[in-house]
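Have a look at the structure below, then the notes.
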Amino acid sequence: PGRRRAAGLIVALRFTRSRRGRMAILTLDDHTARVEVTVYNETLEAAVDKLAADRLVIIDGEVSIDDFSGEPALNAQTIMHLDEARQRHARSLLITLEDNGFERMVESLQTALRAYGQGQCPVAVDYRTPKARARLRLADDWRVQINEALLDRLRGVIGENAVRVEY
């Protein structure tokens, strides 16, 4: 019991009414366990667009033991989708570049970063050569709005394993 954060896929969702107003009951699954989450009217109004089956969400709330099932249950207080959580909690976007082919990637990399610019997340480059390695933090002008579209675009430009979000 107490305040906790849970992340997972919404595998079941239903809306109903209670004395406190409209509410949602959902089941969150992270492939290791499932938890029932109750979303009351106030929180529901702010997050209804984030609730859908097969959507990945991060939920902060109060954990208690359900009197009927004896299982843990979560009373949601805030709900975020993945891009929101990244925006709020990411410390930096790390791009790993190898010496080979770096010059031909620069323009594509700049274009991708500019397309998602004006954000809060700093960008760092881990530049590697056969003899040296350096981590360079890009100037604040290169901060990005970090989201799945940017990550996909960067992975397409420089490779699947060369892009990482640091929390």
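The values are calculated or read from the model by the stated rules, or taken from the named source; none is laboratory data. Here the structure is a predicted model, which means the values were calculated and not measured. Cβ atoms come from the backbone with ideal geometry, glycine included; neighbour counts cover every protein chain shown. When the accessible area is computed, the model is the full protein with side chains, heavy atoms only, and any ligands, DNA or RNA have been set aside. Shrake-Rupley method; radii C 1.70, N 1.55, O 1.52, S 1.80 Å.
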If the requirement is being at pLDDT 95 or above and closer than 18 Å to Ile65 by Cα, which of these qualifies: Val37, Val11?
Val37
Of the candidates Asp54, Asp29, the one satisfying the condition of being open to solvent by 90 Å² or more (accessible area, probe 1.4 Å) and closer than 24 Å to His89 by Cβ is Asp54
Is it the case that Tyr116 is touching a Leu at 6+ places or on another chain (Cβ under 7 Å) and among the aromatic types (Phe, Trp, Tyr)?
yes
Kindly establish whether Tyr127 is modelled with pLDDT under 95 and closer than 15 Å to Asp83 by Cα.
no
Subset of the range 144-167, residues open to solvent by 60 Å² or more (accessible area, probe 1.4 Å) and in a loop (DSSP other than H, G, I, E, B), comes to Gln145, Tyr167
Within the range 99-115, take every residue that is part of a loop (DSSP other than H, G, I, E, B) and open to solvent by less than 100 Å² (accessible area, probe 1.4 Å) and give me the one that is modelled with the lowest pLDDT.
Gly101
Looking at the range 75-98, which of the residues that are in a helix (DSSP H, G or I) and either of a type in the set (Lys, Arg) or open to solvent by less than 20 Å² (accessible area, probe 1.4 Å) (or both) is farthest from Ala139 (Cα to Cα)?
Ala85
State the number of residues belonging to the range 116-126 that are of a type outside the set (Gly, Ala, Ser) and either buried (at least 16 other Cβ atoms within 10 Å of the Cβ) or out of contact with any strand residue (DSSP E or B) (no Cβ under 9 Å at 6 or more places or on another chain) (or both).
5
Output the residues belonging to the range 57-74 that are open to solvent by 70 Å² or more (accessible area, probe 1.4 Å) and part of a loop (DSSP other than H, G, I, E, B).
Asp67, Phe68, Glu71
